[in-house]
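> Take a look at the following structure, please.
The values are calculated or read from the model by the stated rules, or taken from the named source; none is laboratory data. It should be emphasised that the depicted structure is a prediction, and the values quoted were computed from it without experimental measurement. Cβ placement follows ideal geometry from the backbone for every residue including glycine, while neighbour counts extend to all protein chains displayed.
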Amino acid sequence: MSQESFDYLSFREKLIYATRDFFSLSIVWLLLLFILSILELIYNAALHSLPENFFNLLLYSCWMDVLLWLKWGIFCYFFYAILYVIHPKSAKIAFKSFICVAAIVQTGLVLYFTTSLNLLGADIFSYSIEDVQQTLGASGGLSFLAILQFLIVIGLCVAILWWLPKYIKLPWSVGGIYLIASVIIFFTPTTSAWSQISLQTTFASNLVTNKSDYFFTSSYYYFFPKTDYDVDIYADNYIGIYDNIDNAIVDFEYLDEGNYPFYHTELDSDVLSPFFNLNEKKPNIVIVLVEGLGRAFTNKGAYLGNFTPFLDSLSTKSMYWKNFLSQGGRTFAVLPSILGSLPFAQSGYLGMGEQMPKQLSLLNLLKHNDYETSFYYGGDASFDNMELYLRRNNIDDLIDKDEFSTKEGLLPEINGFTWGYDDEALYTEYLKTRPSDSAAKPQLGVLLTVSSHNPFKINHQQEYYDRFEQRMEQLEFTDSQKQDYRSYRDQYASILYTDEMLKEFFDSYKKRPDFENTIFLITGDHRLPEIPMATVIDRYHVPLIMYSPMLSRTSEIASISSHQDVTPSLLNLLKSNYKMDLPENYSWLGKGLDTVVNFRNVHRIPLIQTKVNMKDYVVGKYHLNGDRLYEILENMGSRPVNDPEQQQSILDAYNGFKQKNAIITNGGKIIPDSVYAKYAN
């Protein structure tokens, strides 16, 4: 129909034509979504072993595509119809262009997921341009293969959109039914059972999730956050009562929640002294934060197999928490959690930047008590505002890749980018530059590794490929298992490298005179996600090993603790054994490490997966993940729980925490200025 003839139609007739043509193009859009889902599964099957039957995954994936198609339908129709009434050809070109752009975006998000095994959401908006450039560069950027895939998708879209719509002739009334269904889905809550995916593993659930739907939904809630925390944080019993917990969860006695929401009296519980015969001089403390060190592949009982033989051996001579949790799913959470037991604010405590409120930490409190403090990192400490946080805590020495005394040991460059120095160079720099004589001040050293970070390219790569093959033989893997594990050869090789460098670090440290007076802590900042995860809690499940020549006995501890419990326990240990000038009140989230050997959890543990994804809360044996409740099992597996009363009670507790957290986000204080002035300067 010519434009002249179209202009003579009534408004109702124009809408009928618009609805019919829109639905024809929408069917093509849905077909493209299905094709992209098929290609995504084939691509993942080639790079990773699929966690479930291909056709079962495809069925779920296509259903998620249908939901996206329905959710966006009425929104797209509104603009299409307005433009169609004015100029039909322009409306068709605009909608076809939208479909092409949507397909390109979906392809980019799929490529990101396939590489990182992470769903990309609004967390991208929480990083600076420099951080994004560094991450993309160090991870390889856009490869030729990725560009080729984009070109193929564009060509596929253009070909299908040019050829297929002319063959789709359906009554306009069918398009009307589509629009009615679209309205229903658009206004249906995202928590509807229609949109819930619950497969055997987290990897499987993420794989079938429509990546565009996840990204745009996450982005919407980032810019228009929900604030439905309808809980009175000042009520005596807003936390509620939890059933089937081994010991009562003891609450803090808060002092002034309106002005300092987390400020409380100290529990003053020293659980570590019974395990130590400390020397007269205050001990050195060395905290090694290992990038991506997850319990899934670490030490005896790891469900993916033990790929850390040295750490496994060290754990038998240590206090070893095998059911330990990181506070975050990425590195941004580790420093404020393990050193300051701090809340998350809106995008992680470090995300507050210059607005970070004054607070106490292991760093400034030990410096106040005559310790010398240092931080060593093979990468760029300005990433994620780590340097800013450390400077605000009066760190004495901050050594990152720009401050290393050598150029040996840089990780392999990819497209001209590198994360920085490998673990061997990091430990060498620390041992070379830290004082070891008895006259030196006691030391607090914090080291953050980077070798086991995406893209998992290390020096001596082939040597560790060979070790990976040898390790699979030692673990008695079948040929089929070996084939599956080779999909993650780079990841496992970097883990074996990380473990070997820790062994060399301890071998060298034993030759220093200060070794006998040092307490070592080793933990992961989070579990690396580039190897598929079995459960949601798996992302946070890391080991904690506390080793020292001063240990009087060892222990394998099954009770659950987390990063937020480390600083309170270390300070209580020092306070019980030395003259320490410490406050009577603190703002720690954590109550201290639990040393009970049996499986239990007496903590409330908020978790933050990404800078904009704070939906996990652990209380007792329960794990709340968004609107789903899980029971944590003794092996740190989990199973869904259908208990609305229990779930609501835990949700109320979590909302109470988020209300307090929001006070900090909006400029609230962590501690009184007078306390900070006395102990942090």
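> Quick check on my filter: what residues within region 397-416 are exposed (fewer than 15 other Cβ atoms within 10 Å of the Cβ) and more than 17 Å from Leu431 (Cβ to Cβ)?
Residues satisfying the conditions are Asp402, Lys407, Pro412, Glu413, Asn415, Gly416.
> Would you tally the residues in region 559-610 being over 26 Å from Tyr676 (Cβ atoms) and of a type in the set (Ser, Thr, Tyr)?
Adding up the residues that qualify gives 4.
> Taking Ser128, is it over 21 Å from Ala94 (Cβ atoms) and at pLDDT below 75? Give the steps one after another, and end with the answer.
Details: over 21 Å from Ala94 (Cβ atoms): yes; at pLDDT below 75: yes.
So Ser128 fits the description; yes.
> Filter region 89-121 down to residues that are under 15 Å from Thr19 (Cβ atoms) and either of a type in the set (S, T, N, Q) or modelled with pLDDT under 85 (or both), then give me how many there are.
Result for region 89-121: 0.
> Looking only at region 48-80, count every residue that is within 25 Å of the chain's Cα centre (by Cα) and part of a loop (DSSP other than H, G, I, E, B) and tell me the total.
Qualifying residue count for the region: 5.
> Of the conditions (1) surrounded by 16 or more Cβ atoms within 10 Å (Cβ to Cβ); (2) more than 26 Å from the chain's Cα centre (by Cα); (3) not charged (D, E, K, R), Phe456 satisfies every one except a single condition; which number is it?
The number of the failed condition is (2).
> Also, quick follow-up: Looking at (1) in a helix (DSSP H, G or I); (2) modelled with pLDDT under 95; (3) more than 25 Å from the chain's Cα centre (by Cα), find the lone condition where Leu365 falls short.
(2)
> Still on this structure: Can you tell me which residue is nearest to the chain's Cα centre (by Cα) among those in region 334-361 that are aliphatic (A, V, I, L, M), in a helix (DSSP H, G or I) and modelled with pLDDT of 95 or more?
Of everything passing the filter in region 334-361, Val334 is nearest to the chain's Cα centre (by Cα).
> Considering Glu556, Glu530, which residue is within 22 Å of the chain's Cα centre (by Cα) and either in a strand (DSSP E or B) or in the same structural domain as Gly328 (by TED's automatic domain parsing) (or both)? Please lay out each step first, then the result.
Numbers: Glu556 fails: within 22 Å of the chain's Cα centre (by Cα).
Criteria check complete, one pass: Glu530.
> Condition check: assigned by TED's automatic domain parsing to the domain that holds Ile670, touching a residue at least 60 places away in the same chain (Cβ under 8 Å) and over 24 Å from the mean Cα position of the chain (by Cα). Does Gln443 satisfy that?
In short, yes.
> Now for a different question. Return a yes/no flag: does region 585-604 have any residue that is in contact with a Leu (Cβ under 8 Å, 6 or more places away or on another chain), in contact (Cβ under 8 Å) with a residue 60 or more places away in the chain and within 30 Å of Ala122 (Cα to Cα). Before you say what the answer is, go through the steps one by one.
Keep residues of region 585-604 that are in contact with a Leu (Cβ under 8 Å, 6 or more places away or on another chain), which gives 585-587, 589, 591-593, 595.
Checking the rest, the ones that are also in contact (Cβ under 8 Å) with a residue 60 or more places away in the chain come to 585-587, 589, 591-593, 595.
So of that shortlist, the ones also within 30 Å of Ala122 (Cα to Cα) come out as 587, 589.
There is at least one residue in region 585-604 that is in contact with a Leu (Cβ under 8 Å, 6 or more places away or on another chain), in contact (Cβ under 8 Å) with a residue 60 or more places away in the chain and within 30 Å of Ala122 (Cα to Cα).
> Here's another thing I want to ask about it. Closer than 20 Å to Leu593 by Cα, among the basic types (Lys, Arg) and in the same structural domain as Trp588 (by TED's automatic domain parsing) - does that describe any residue in region 328-348?
No, the conditions are met nowhere in region 328-348.
> From the list Asp499, Asp538, which one is of a type in the set (Asp, Glu), buried (at least 22 other Cβ atoms within 10 Å of the Cβ), assigned to a helix (DSSP H, G or I) and within 19 Å of the chain's Cα centre (by Cα)? Talk me through it step by step, then tell me what you get.
Values: Asp499 fails: within 19 Å of the chain's Cα centre (by Cα).
So the residue among Asp499, Asp538 that is of a type in the set (Asp, Glu), buried (at least 22 other Cβ atoms within 10 Å of the Cβ), assigned to a helix (DSSP H, G or I) and within 19 Å of the chain's Cα centre (by Cα) is Asp538.
> If we only count helices (runs of 4 or more DSSP H) wholly inside region 135-222, which ones have 1 or more residues that are at pLDDT 85 or above and under 20 Å from the mean Cα position of the chain (by Cα)?
202-208
> Out of the residues in region 426-463 that are touching a Phe, Trp or Tyr at 6+ places or on another chain (Cβ under 8 Å) and part of a helix (DSSP H, G or I), which is nearest to Gly409 (Cα to Cα)?
Once the filter is applied, the top-ranked residue is Leu426.
> So which pairs qualify, if the first residue must be in region 69-85 and more than 16 Å from Ile27 (Cβ to Cβ), the second must be among the charged types (D, E, K, R) and crowded, with 17+ Cβ neighbours inside 10 Å, the Cβ gap must be under 6 Å, and the two must be at least 6 apart or on different chains?
Qualifying pairs under 6 Å: Val85/Lys14.
> Suppose the filter is within 23 Å of the chain's Cα centre (by Cα), charged (D, E, K, R) and either surrounded by fewer than 22 Cβ atoms within 10 Å (Cβ to Cβ) or at pLDDT below 95 (or both); does Arg330 pass it?
yes
> Looking for whichever is of a type in the set (D, E, K, R), more than 18 Å from Asp312 (Cα to Cα), outside the structural domain of Leu574 (by TED's automatic domain parsing) and modelled with pLDDT of 95 or more here; the options are Glu463, Glu504, Glu473. Which one fits?
Glu463
> Within region 300-331, can you find the residues that are not in a loop (DSSP other than H, G, I, E, B) and not polar (S, T, N, Q)?
Pro309, Phe310, Leu311, Asp312, Leu314, Met319, Tyr320, Trp321, Lys322, Phe324, Leu325, Gly328
> Okay, moving on. In region 622-670, how many residues are within 23 Å of Trp588 (Cβ to Cβ) and in contact (Cβ under 8 Å) with a residue 40 or more places away in the chain?
Of the residues in region 622-670, 22 are within 23 Å of Trp588 (Cβ to Cβ) and in contact (Cβ under 8 Å) with a residue 40 or more places away in the chain.
> Now for a separate question. When both residues are 6+ apart or on different chains and their Cβ atoms are under 6 Å apart, which pairs have a first residue that lies in region 529-545 and is touching a residue at least 12 places away in the same chain (Cβ under 8 Å) and more than 13 Å from Trp321 (Cβ to Cβ), and a second that is part of a loop (DSSP other than H, G, I, E, B) and among the β-branched types (Val, Ile, Thr)?
Partner pairs satisfying both residue conditions: Ala534/Thr201.
> Take the residues of region 368-396 that are of a type in the set (Gly, Ala, Ser) and closer than 16 Å to Phe332 by Cβ: which is surrounded by the fewest Cβ atoms within 10 Å (Cβ to Cβ)?
Start the filter on region 368-396 by keeping residues that are of a type in the set (Gly, Ala, Ser), which leaves 374, 378-379, 381-382.
Pick out the ones that are also closer than 16 Å to Phe332 by Cβ and you get 379, 381-382.
Numbers: Gly379: 24, Ala381: 25, Ser382: 15.
The selected residue is Ser382.
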